[in-house]
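Enquirer: Structure provided below as structure tokens; questions to follow.
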């Protein structure tokens, strides 16, 4: 069984450069492409493309000398590990075509399930064209309205990890600042030059008439389907965006209004700023929607400055509640997609999922919980349109490994394992941790966490290696999660005697 060999931590200082100097310096392969694949959990795809002979053998590593952080990224070592450790364990090689990725949205063909979500990443002709050239199947174009949009500056803030990567992202951005006429011209050009790509036109109206009119205009000018924005948290005017998405009656009413404007597929986008999403989703179906898009950003406050007392982003001494996205929201997004996927009242509706997708495995999790297509914004803002290469490669390889002939065969396979309560869980056994002493670095982090956050079941021996007290251990696996060396894994199971 294949186990992941390489992690982001192995290349933590890599800047994932544009027009990377390491690749320019290499005459044998494309190290920058391989490093990106490691970062985006597609190490098998990267290894699959390497030649039989290690291209880094007997090499002076000019890539490392050319690196923007010379000596800080072990490029040759990483490439060698891809070749010598990952490649030999591959059960299959990367498929030569992408036939398995082909799917559909409400009967309209898609080259693959990957879309840009409605945001700045899909807001001009040039941006959409470059995304299509990179391999994205479609775009949910930045929300079109008749509002006069004036944006604040700055309008983004972020919560970052140890290496500076964005974990959570906040925005106070609003809708498209182009006129309706300008956006219609963009649609016409995109459809003329990229007829096989999917244009999902996100719209927002202020009345029944505007929802109907915008839906009709977008379709007349090249949109393949309509997305109804009932979830933007940043609108200046009351009664728009998430204010609508929290009221099922308004969702139904305005969906019906948009339906009067077109016979093309309609995807409703309810707000995640609710306890449950089903009432709004069911209302959208009653109004004539063919699918649901979820989740939009979550209302948030980030980074209160201890000196100015203003949260981020600060705009002339003020800030505002804004939309939160990125990896941090993925668990919340998965919960909502599972809710929609399990709801029999929504059976047959297309689910377009988003919320923290960076890697192909992120996307797969949504598909396994019932998603039909995947939308991405924050990861594109951080890493660029190029991430679609690893999204497609990783998912394509997974589908082939599993023997699936299409994305749809994987759809919803995890739904039966998700329960709304913990009452269904088996509680008569303990799965102990297993300590891999050869990998243990003797830091004692497992002991500290178990003592102060667990059940005081770990002590360190004279060699600083952990020793487990089986009578105290309850199998919570906190130690597995905190180990910086990944030297603790699930081990043997003990069945408790029934009382």
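The values are calculated or read from the model by the stated rules, or taken from the named source; none is laboratory data. Keep in mind the model is a prediction, meaning the values are calculated, not measured. Reconstructed Cβ throughout: ideal geometry from the backbone, glycine too, with neighbour counts over all protein chains shown.
Enquirer: Condition check: surrounded by fewer than 23 Cβ atoms within 10 Å (Cβ to Cβ) and either part of a loop (DSSP other than H, G, I, E, B) or at pLDDT below 95 (or both). Does residue 274 satisfy that?
Expert: yes
Enquirer: Take the residues of the range 317-357 that are in a loop (DSSP other than H, G, I, E, B) and out of contact with any strand residue (DSSP E or B) (no Cβ under 6 Å at 6 or more places or on another chain): which is surrounded by the most Cβ atoms within 10 Å (Cβ to Cβ)?
Expert: 355
Yes/no per residue for (1) at pLDDT 95 or above; (2) more than 19 Å from the chain's Cα centre (by Cα):
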position: 126; (1), (2): yes, yes
position: 132; (1), (2): yes, no
position: 145; (1), (2): no, yes
position: 150; (1), (2): no, yes
position: 156; (1), (2): no, no
position: 161; (1), (2): no, no
position: 166; (1), (2): no, no
position: 184; (1), (2): yes, yes
position: 188; (1), (2): yes, yes
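Enquirer: Taking residue 245, is it under 15 Å from residue 143 (Cβ atoms), crowded, with 19+ Cβ neighbours inside 10 Å and in contact with a helix residue (DSSP H, G or I) (Cβ under 7 Å, 6 or more places away or on another chain)?
Expert: Numbers: under 15 Å from residue 143 (Cβ atoms): yes; crowded, with 19+ Cβ neighbours inside 10 Å: yes; in contact with a helix residue (DSSP H, G or I) (Cβ under 7 Å, 6 or more places away or on another chain): yes.
The answer is yes for residue 245.
Enquirer: Checking the conditions here, which among 438, 426 is in a loop (DSSP other than H, G, I, E, B) and either buried (at least 17 other Cβ atoms within 10 Å of the Cβ) or at pLDDT below 95 (or both)?
Expert: From the options 438, 426, the qualifying one is 426.
Enquirer: From the list 118, 140, pick out the single residue that is at pLDDT 95 or above, in a loop (DSSP other than H, G, I, E, B) and either assigned by TED's automatic domain parsing to the domain that holds residue 207 or closer than 18 Å to residue 171 by Cβ (or both).
Expert: Answer to the selection: 118.
Enquirer: Looking only at residues in the range 399-420 that are over 20 Å from the mean Cα position of the chain (by Cα) and under 16 Å from residue 337 (Cα atoms), which one is modelled with the lowest pLDDT?
Expert: Among residues in the range 399-420 that are over 20 Å from the mean Cα position of the chain (by Cα) and under 16 Å from residue 337 (Cα atoms), the one modelled with the lowest pLDDT is 420.
Enquirer: Of everything in the range 367-407 that's in a helix (DSSP H, G or I) and in contact with a strand residue (DSSP E or B) (Cβ under 6 Å, 6 or more places away or on another chain), which residue is surrounded by the fewest Cβ atoms within 10 Å (Cβ to Cβ)? Spell out the reasoning first.
Expert: Initial filter on the range 367-407 (in a helix (DSSP H, G or I)): 367-368, 378-383, 385-402, 407.
Checking which are in contact with a strand residue (DSSP E or B) (Cβ under 6 Å, 6 or more places away or on another chain) leaves us with 378, 382, 388, 391, 407.
Details: 378: 28, 382: 16, 388: 22, 391: 28, 407: 25.
So, considering only residues that are in a helix (DSSP H, G or I) and in contact with a strand residue (DSSP E or B) (Cβ under 6 Å, 6 or more places away or on another chain), the one surrounded by the fewest Cβ atoms within 10 Å (Cβ to Cβ) is 382.
Enquirer: Scan the range 245-271 residue by residue and report those that are over 21 Å from residue 333 (Cα atoms) and part of a helix (DSSP H, G or I).
Expert: 249, 250, 252, 253, 254, 255, 256, 257, 258, 259, 260, 261 - these are the residues of the range 245-271 that are over 21 Å from residue 333 (Cα atoms) and part of a helix (DSSP H, G or I).
Enquirer: Which condition number in (1) touching a strand residue (DSSP E or B) at 6+ places or on another chain (Cβ under 8 Å); (2) over 18 Å from residue 215 (Cβ atoms) is the one that residue 203 fails?
Expert: Only one criterion in (1) touching a strand residue (DSSP E or B) at 6+ places or on another chain (Cβ under 8 Å); (2) over 18 Å from residue 215 (Cβ atoms) is unmet by residue 203, namely (2).
Enquirer: Then there's this: If residue 209 passes every condition in (1) under 29 Å from the mean Cα position of the chain (by Cα); (2) at pLDDT 95 or above; (3) surrounded by fewer than 24 Cβ atoms within 10 Å (Cβ to Cβ) but one, which one does it miss?
Expert: It fails just one condition, (1).
Enquirer: Let me ask something additional. Which residues, taken from the range 188-216, are over 26 Å from residue 253 (Cβ atoms) and not in a loop (DSSP other than H, G, I, E, B)?
Expert: Within the range 188-216, 188, 189, 190, 191, 192, 193, 198 meet the criteria.
Enquirer: Out of the residues in the range 282-295 meeting the condition of being part of a helix (DSSP H, G or I) and closer than 16 Å to residue 226 by Cβ, tell me which one is farthest from the chain's Cα centre (by Cα).
Expert: 287
Enquirer: Let me ask something additional. Going residue by residue through the range 11-26, is there one that turns out to be touching a helix residue (DSSP H, G or I) at 6+ places or on another chain (Cβ under 7 Å), farther than 28 Å from residue 361 by Cα and surrounded by fewer than 16 Cβ atoms within 10 Å (Cβ to Cβ)?
Expert: yes
Enquirer: While we're here: Out of everything in the range 103-115 that is out of contact with any helix residue (DSSP H, G or I) (no Cβ under 7 Å at 6 or more places or on another chain) and not in a loop (DSSP other than H, G, I, E, B), what residue ends up being surrounded by the fewest Cβ atoms within 10 Å (Cβ to Cβ)?
Expert: Only one residue fits best here, namely 109.
Enquirer: Something else: Please work out if residue 484 is more than 24 Å from residue 368 (Cβ to Cβ), in contact (Cβ under 8 Å) with a residue 12 or more places away in the chain and surrounded by 12 or more Cβ atoms within 10 Å (Cβ to Cβ).
Expert: For residue 484, the condition - more than 24 Å from residue 368 (Cβ to Cβ), in contact (Cβ under 8 Å) with a residue 12 or more places away in the chain and surrounded by 12 or more Cβ atoms within 10 Å (Cβ to Cβ) - is not met.
Enquirer: Still on this structure: Sort through 87, 100, 130, 76 and tell me the only one that's in contact (Cβ under 8 Å) with a residue 60 or more places away in the chain, surrounded by 15 or more Cβ atoms within 10 Å (Cβ to Cβ) and either in contact with a strand residue (DSSP E or B) (Cβ under 6 Å, 6 or more places away or on another chain) or not in a loop (DSSP other than H, G, I, E, B) (or both).
Expert: From the options 87, 100, 130, 76, the qualifying one is 100.
Enquirer: I need every pair where a residue in the range 411-427 that is assigned by TED's automatic domain parsing to the domain that holds residue 104 has its Cβ under 6 Å from the Cβ of a residue that is at pLDDT below 95 and surrounded by 11 or more Cβ atoms within 10 Å (Cβ to Cβ), sequence separation at least 6 or different chains.
Expert: From the range 411-427, no pairs qualify.
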